[in-house]
Each structure stands twice: as structure tokens, then as C-alpha cells.
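The values are calculated or read from the model by the stated rules, or taken from the named source; none is laboratory data. If you're wondering where the values come from, they're calculated on a predicted model, not measured in any experiment. We place every Cβ from the backbone using ideal geometry, glycine too, and count neighbours over all the protein chains shown. Heads up: the accessible areas ignore ligands, DNA and RNA and are worked out on the full protein's heavy atoms, side chains in. Shrake-Rupley method; radii C 1.70, N 1.55, O 1.52, S 1.80 Å.
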Amino acid sequence: MKRKFSVILSAIFLLSMVLTACGGNSNSDASPSQSSSPPASTPAETTPASTEPASPEPAEQGDKKVEIFSWWTGAGEEAGLLALIDLFKQKQPDIEVINAAVAGGAGTNAKAVLASRMQGGDPPSAFQVHGGAELNTGWVAADKVSPLNDLYDQEGWKDKFPKDLIDMVSKDGNIYSVPVNIHRGNVIFYNKKIFDDNGLKAPTTFEEFFKVADALQAKGITPLALGDKEPWTATMLFENVLLGELGAEDYKKLWTGEIAFDDARVVKSLETFKKMLTYVNKDHAARNWQDAAQLVAKGEAAMNNMGDWAKGYFTTDLKLTADKDFGWVASPGSTGTFMVVTDTFALPKESKDQATAKEFLKVLGSVEGQDVFNPLKGSIPARVDADASKYDVYGKATIEDFKKSKLTPSMAHGSAAPEGFTTQANQAINIFVTQGNVEQTAKALKQAQESNGMKK
């Protein structure tokens, strides 16, 4: 088992380093012009973000500490995390909180640091991990996280989270993490003034998208903002094109190997994606996702395809108003579907004080905790009994959409496929953005599919 874990963990570490070398950042990366996107003020008692493994001083006898490991260091996500920590301190004033957030995105830096710490026997108390393959084919398969069935039973959570969501954080009958939110990945955010001034309607099909893009381009307006300094953003745009072209059921068959990545509809998706890239800002490779969102906020671009952490950035950091300053629509062809990105927290088996860590997980999974965190983060609560009145018009609409939509897992954010595939896909799409070779990219994605065991 130790040998197996060493191999798996080494792979996770190396893959994370590859992503970082490619400029990968998550929905928490800093903009080029500043060390982080406009951050919420960090309380003095929390530990500053660092890319080095945290090594807290040993606690004195009787002291209680909980170290929370995440990659939430910017935009609305940091504000949400700090609000959650403040709530925990109110409920557990005798427990010191160490905020061990590591900047860098899709968790690329954080995952590398976490792998190093776990391999070195220095795990945090609890760590952020995307539900789905990232959790189950990584940490669960390596036998490095504790089952949380007892906590779910104690807190009565099994009927408080949707069954499909619990399935994403479960393996072989055990539940391994606590979801704090649900993000939607297939969203087009748009500048309402630009659309209103030009008499345009938000596009819901690819045909409508290209018609709107042509009209905007003719007026000298950048139709689609992209910031792919971190390659996951382009991968995310592509996965939404796949969803729009294949539909929810066939999109999911890509991850079981029932549909190969050289399928004619995948090739068509690459062609559509290639055409969409002709409408993006010329400096896209120098921008991260916040910079791209800013282009829309400032009226320098009309649309941005991004997960709804961008909504949290718009409202929490840029102080924009949903449905007034910006609007939203499902990405082309994906109406009635919901690309799920869920942030969860797991408990390392080697954590020094699991009882203390579980106190944090209790707050994280509570109605109060989720309703403090998600309005700032831009996400919706994972619980089905959260207070919808605490959410703005976007949040309320998304809560309702989640209930009635077909759910699909995100490739770009670790839910749909093993990390090895996601790394290879990021590399293939990164090359595609600059070279545009459809045949070569389809071949690379199929090879990644097969080499990662995703075949029927």
C-alpha cells in the first residue's frame, strides 16, 4: 500500500508541477497587475498564503488548532473563506484557525504543496478537493483520507445533500468529503449595456453566438473575453462546446469511453471551438480569468464564458449588480444542463486531531456555514435546505436551475476524469489555441482517454 501510495502521490505532484509550469491557475489566481485579484482584508490571526508547505509550531498541551488548506486567496472566494472562518471562531472560540491557503489556480500550486506535505507525513487538518474523480481516483484510491459516514449520520446530512452530489464524494459505500458549494461551469456572462445599446439578445445556440459575435466585431467590440494565461480556462471553454454539441448524456459517455475523442461530434466541437477563438481578445494569453472578467465589467468586451465564481468576483469585488450591470445565459447549446463544479473538504487519515477537524467540517456543512460562504463566493449551497432568501437574483435562479437541470461533471475542474487525463487535455488544448490543428488535437485527446483507462 505504501508503495502504491508513493506512486500515486508522485504522479499527483508531477502533474501539478506540469500544470504550474504551463501557467495554470485556478479560480483564485492573481491578475498580472497585482499579487492577487482585489482581495478581502485578511485578519491578522490567519496565516498569509504561501507556496511553501506550512509547518506550524507544535501546539502546547491543551491547545487546539485546525489548519484549513485551500487555494482560495483572491476574488470573492477569499471573502467567502474568511467569512466561514469567522463563523467557526464564533462557534469554537477555543480553537485556533490556521488559514493555509496557497495561491495559484485550478489548485495547481496548492495540489503540489499538498502532495508534498501528505507524502512527508505533514498533512493539514482538512483540505479542499473537487468532488468526483479528483477525490476518488486520487486521495481515496491512495487510502489517505478518512471516511466520514459517521459525521454524515451524526449531522443528519444524508438527506440534506442531493444524492448525485453525495455519490460524487463517495466510493465503495463510504463518503469521503463534505461539499461546501456547487458552481455552474457552463455560463456566459455578458455586459448588459453593450447588449442593450446594440439591440442584441444573449445567444443560446452556436448559430446565435456567431451572429452576435459578428455584430459586435463590426462595431469594434471584442465579442468574447478570454484569459488563458492559465490553460484550464481554454479547456473549460472547450468542455462547454462539447456539452453544447453532444448534449448531456453523450458528453458523459466521453468519460466512460462509450464515445471516443475522435468521434465526429468531438471533431465538430473542435471546429466550433476554433471559430470561437477568432472572436477573443488578442492579449488573451497574458490574462487570467479575473482579467478577462474585468474586460466585460469595464465594457471593453461583451461576453465571458466562465464558472460562476466570476459572478462572485463581479458582485463581491467589483461591486456590480446582477441583472443590472451584467446578465448571464447558459453557454451555447447547453440550456437545461448544469456543468457541476463542487468544492469539498476531506480529512487526511494522518491528521493529528481529527476530532477538531470534524468541528470545522460540521460548520462547513451546516446551513449557516453554507449561507455565509456561498453568497460571497458566487456559488450556490450544496445543501437542499439552505435559505434562498440570502442569495441575489443570480443565486436564486441558479438554485432553481440546479433542481431541474441535467447534471454533468467538469473535465477542467477534476470531476469528470482522472487528473492524468485533465493534465494531458490541458496541454492538448493549450497547443490547439495557438496552432488550431483539429486532427492532431482529437488524436491527442483520444490517446489521453485510452492511456488513462477511459475506454469501454
_Matching option when the condition is touching a residue at least 60 places away in the same chain (Cβ under 8 Å) and not assigned by TED's automatic domain parsing to the domain that holds A83, among F360, F314_ = F314
*(1) more than 17 Å from A416 (Cβ to Cβ); (2) modelled with pLDDT of 95 or more: which one isn't true of G185, the others all being true?*
(1)
*asked:* When you scan the range 294-302, do you find a residue that is more than 27 Å from G244 (Cα to Cα), surrounded by fewer than 24 Cβ atoms within 10 Å (Cβ to Cβ) and of a type outside the set (S, T, Y), even just one?
replied: yes
*Which ranges mark the helices (runs of 4 or more DSSP H) fully within the range 222-312 that have 1 or more residues being over 30 Å from D197 (Cβ atoms)?*
232-253, 264-276
_Consider the range 39-77. How many of its residues are open to solvent by 20 Å² or more (accessible area, probe 1.4 Å), at pLDDT 50 or above and within 21 Å of L364 (Cα to Cα)?_
2
*asked:* Go through the range 111-168 and report how many residues are among the small types (G, A, S) and closer than 30 Å to K404 by Cβ.
replied: 4
*For the range 116-127, state whether one or more residues are within 15 Å of the chain's Cα centre (by Cα), assigned by TED's automatic domain parsing to the domain that holds T356, open to solvent by less than 10 Å² (accessible area, probe 1.4 Å) and under 18 Å from P179 (Cβ atoms).*
yes
*Taking the range 183-198 only, how many residues are open to solvent by 40 Å² or more (accessible area, probe 1.4 Å) and assigned to a helix (DSSP H, G or I)?*
4
*Take S331 and decide whether it is assigned by TED's automatic domain parsing to the domain that holds F88 and small (G, A, S).*
no
*Within the group K219, K211, K252, which residue is touching a residue at least 24 places away in the same chain (Cβ under 8 Å) and in the same structural domain as K443 (by TED's automatic domain parsing)?*
K252
*Out of G369, G365, G333, G378, sole residue that is open to solvent by 10 Å² or more (accessible area, probe 1.4 Å) and of a type outside the set (K, R)*: G333
